[in-house]
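Enquirer: Please see the structure below; I have some questions.
Just so you know, all these numbers are worked out from the coordinates, no wet-lab data involved. Given the structure is predicted, the values throughout are model-derived calculations rather than measurements. All Cβ positions, even for glycine, are placed from backbone atoms using ideal geometry, and neighbour counts span all protein chains on display.
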Amino acid sequence: MAKRIGESVIALDDRVCILGHAAVGCRKESEGPLAADFDALFLDSSLGEPSWEKAESALQKAALDRALVHAGLEVGDLHCLFAGDLLNQCVASHYHLRNLGTPVLGLYGACSTMTESLLVASVFVDSGSADRCGAVTSSHFCSAERQFRYPLEYGGQRAPTAQWTATASGAAIVGVGDKRVRIADVCPGRIIDKGVTDINNMGACMAPAAADTLLRYFRDTNTQPTDYDLVVTGDLGLVGSDLLSELLKADGVDLADRHRDCGLMIYDREKQDVHAGGSGCGCSASVLCGHLLKQMDAGRIRNMLILSTGALMSPTANQQGESIPGVAHLVHLVSE
């Protein structure tokens, strides 16, 4: 059963593991350096649907279906699904899940939703509340642009600090078993707001939250970055990654060569014109459920911290002059 370590960390039973996982993306992702690690890539980002929002639902369904196949399960075998996305009322998730007949808890953590859903699913399984749970999230460049910035037809200029929302989805099935990759412990994030108001600089909004979560985790577990093969952040991008390094060094912690960021891994910044890197719920979800977990399955990564970061903003609140809070949830994965 789960037990608390220090103030923030929850240690799990050593049989809580990843039963199956999958990542899907679209054309932009197919042109990036991690293309080979996606389970499916759709060159038509509409996926044959009449709206971008329905296309995102189809993307999420494609990821969950493939994760279930890899786990050797059907959706009816899941006791609960934890899902979310960037859209109002999490419609990409809820419209996808409405006909499945499985209990659903919708989550909104902005771009932190993948580790948030994985964290909650693993605690559910560890507690005995469920034997098997699904964690899934997605984002779509076109649906996110319409909601948070401008419709594509507007043709607005993007700031150098802006990041490219991934058109991708990732899904993981969590359960009790003897699979190679297990979830050792988790650390929920706190909402941190340093007063950043620039809607085009999500990295600066989220980096303080990532630093806060990591510092609390290292303190509670009495560990340091060199105890792990990788410390992976969600999608801080170039700006946020540099800021995270500065914030941690100010507290005496040096990530050195251990740090990777999903927003800098999913695309080639030199060739793909994504400015400061990738972002969106689907960014860390697809990098984790595709590239990183495949590396762990193969034993090439054995001990990893992954914390997706989210900017908890609303266009309406931002227009009213509100600052943008950030959050970062951490999951510790080990490969036996």
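Enquirer: Output the relative contact order of the chain, whole-number percent, from Cα pairs under 8 angstrom with separation of 6+ residues.
Expert: Reported as a whole number, the value is 25 percent.
Enquirer: What lysines sit close enough to Lys271 to cross-link, taking a C-alpha to C-alpha distance under 26 Å and skipping anything fewer than 8 places away on the same chain?
Expert: Excluding near neighbours in sequence, the set is Lys28, Lys294.
Enquirer: For the chain, set up a Gaussian network in which alpha carbons nearer than 10 Å are linked by springs, and say which option among Asn200, Asn303, Asn88 fluctuates the most.
Expert: The residue that fluctuates most here is Asn88.
Enquirer: Follow-up. If the cut-off is a Cα-Cα distance under 18 Å, which aspartates and glutamates reach Lys54, setting aside same-chain residues fewer than 8 apart in sequence?
Expert: Excluding near neighbours in sequence, the set is Asp44, Asp65, Asp85, Glu145.
Enquirer: Specify the inter-centroid distance of the stretch 45-98 and the stretch 220-293, based on alpha-carbon positions, in whole Å.
Expert: Rounded to whole Å, the Cα centres lie 26 Å apart.
Enquirer: Leu81's amide H: which non-local residues (gap 5+, or another chain) put their own amide H closer than 5 Å, with H modeled 1.01 Å from N in plane and none for Pro or chain starts?
Expert: Amide H neighbours of Leu81, under 5 Å, 5+ apart: Val104, Leu105, Gly134.
Enquirer: Could I ask something else about it? Can you tell me the alpha carbon radius of gyration of the stretch 4-109 divided by the globular rule-of-thumb value 2.2 N^0.38 Å?
Expert: Taking N as the residue count of the stretch 4-109, the ratio is 1.23.
Enquirer: Over the stretch 295-336, what is the relative contact order in whole percent, taking alpha-carbon pairs under 8 Å and six or more residues apart?
Expert: 55
Enquirer: I've got another one for you. Assuming 0.890 mPa s and 25 °C, estimate D for the stretch 64-117 with Stokes-Einstein, Rh taken as the Kirkwood radius over Cα pairs, in µm²/s.
Expert: 209
Enquirer: Give me the one-decimal nm value for the distance between modelled label points at Ala36 and Asp131, 7 Å along each residue's Cα-to-Cβ direction.
Expert: 3.8
Enquirer: Right, something else. How far is it, in nm, from the label point at Thr197 to the one at Leu100 when both lie 7 Å from their Cα along the line to the Cβ?
Expert: 4.0
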